[in-house]
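Working notes, beginning with the structure itself.
The values are calculated or read from the model by the stated rules, or taken from the named source; none is laboratory data. Note that the coordinates shown come from a computational prediction; the quantities given were computed from them, not determined experimentally. Cβ coordinates were reconstructed from backbone atoms using ideal geometry, including for glycine residues, and neighbour counts include every protein chain displayed. The accessibility values were calculated without ligands, DNA or RNA, using every heavy atom of the protein model including side chains. Shrake-Rupley method; radii C 1.70, N 1.55, O 1.52, S 1.80 Å.
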Amino acid sequence: MSHDLFEAAKAAMAKAYAPYSKFPVGAALRTEEGRVFAGANIEVAAFPEGWCAETTALSHYIMGGGGKITEIAVIAERMAKCSPCGGCRQRLAEFCQPETKVYLCDNSGVVETMTMGDMLPYGFQADILK
Ligand code: THU
């Protein structure tokens, strides 16, 4: 991974709106064209209505035109390896391949590299719905 994806995730984390958990998270993904889309978590006083950084990044990706996702970086300043939640795994899997790389980061860089297939084995496949 080139360092810019990590930097994009970190810059996104700085924009998190997380007054309730005080747990800012940033995520950034890159498409095969080299476009980078980032996002942060956004919380709401009615707690279940907030959402994750990965989901914000996916929103930007869709609004930006989509494309094949080649890699994703996730960072949380208070956790060395913030692993995407179950809901975000399913959302990410919608637009990724099993071999898509996922970088779990700390404040200085990548701590662990995984793939979507590692993170969501035997996930729900929508082929029958298409
Ligand atoms: N959160 C994320 O943004 N991404 C994750 O992968 C895990 C959790 C957010 C949701 C909530 O705003 C805060 O972290 C604490 O759960």
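Observations, loosely collected:
- Gly86 being loosely packed, with under 15 Cβ neighbours inside 10 Å and either within 11 Å of the ligand (Cβ to nearest atom) or not basic (Lys, Arg) (or both): yes
- Of all residues making up region 97-114, the number that are open to solvent by 20 Å² or more (accessible area, probe 1.4 Å) and hydrophobic (A, V, I, L, M, F, W, C): 3
- Test for Leu58: is it within 18 Å of Glu32 (Cβ to Cβ) and either among the basic types (Lys, Arg) or modelled with pLDDT of 95 or more (or both): yes
- Residues of region 77-99 that are assigned to a loop (DSSP other than H, G, I, E, B) and closer than 19 Å to Val25 by Cβ: Glu77, Arg78, Ala80, Lys81, Cys82, Ser83, Pro84, Cys85, Cys96.
- Any hit, region 66-87, residues being farther than 21 Å from Met114 by Cα and over 13 Å from the mean Cα position of the chain (by Cα): yes
- Within region 18-31, the only residue that satisfies the criterion of being away from the ligand (no atom under 15 Å from the Cβ) and within 11 Å of the chain's Cα centre (by Cα) is Arg30.
- Filter result (open to solvent by less than 60 Å² (accessible area, probe 1.4 Å) and in a loop (DSSP other than H, G, I, E, B)) within region 41-76: Asn41, Glu43, Val44, Ala46, Gly50, Cys52, Gly64, Gly66, Gly67
- Residue in region 4-12 that is touching a Phe, Trp or Tyr at 6+ places or on another chain (Cβ under 9 Å) and without any contact (Cβ under 8 Å) to a residue 60 or more places away in the chain present: no
- In the set (1) near the ligand (Cβ under 8 Å from one of its atoms); (2) in contact (Cβ under 8 Å) with a residue 60 or more places away in the chain; (3) under 23 Å from Pro121 (Cα atoms), the condition left unmet by Ala73 is number (1).
- Scanning region 32-70 for residues that are touching a residue at least 40 places away in the same chain (Cβ under 8 Å) and away from the ligand (no atom under 11 Å from the Cβ) yields Ile69, Thr70.
- Region 14-40: number of residues that are loosely packed, with under 12 Cβ neighbours inside 10 Å and over 16 Å from Lys101 (Cβ atoms): 5
- Here Arg91 fulfils each of the conditions (1) touching a strand residue (DSSP E or B) at 6+ places or on another chain (Cβ under 7 Å); (2) open to solvent by 40 Å² or more (accessible area, probe 1.4 Å); (3) in contact (Cβ under 8 Å) with a residue 12 or more places away in the chain apart from (1).
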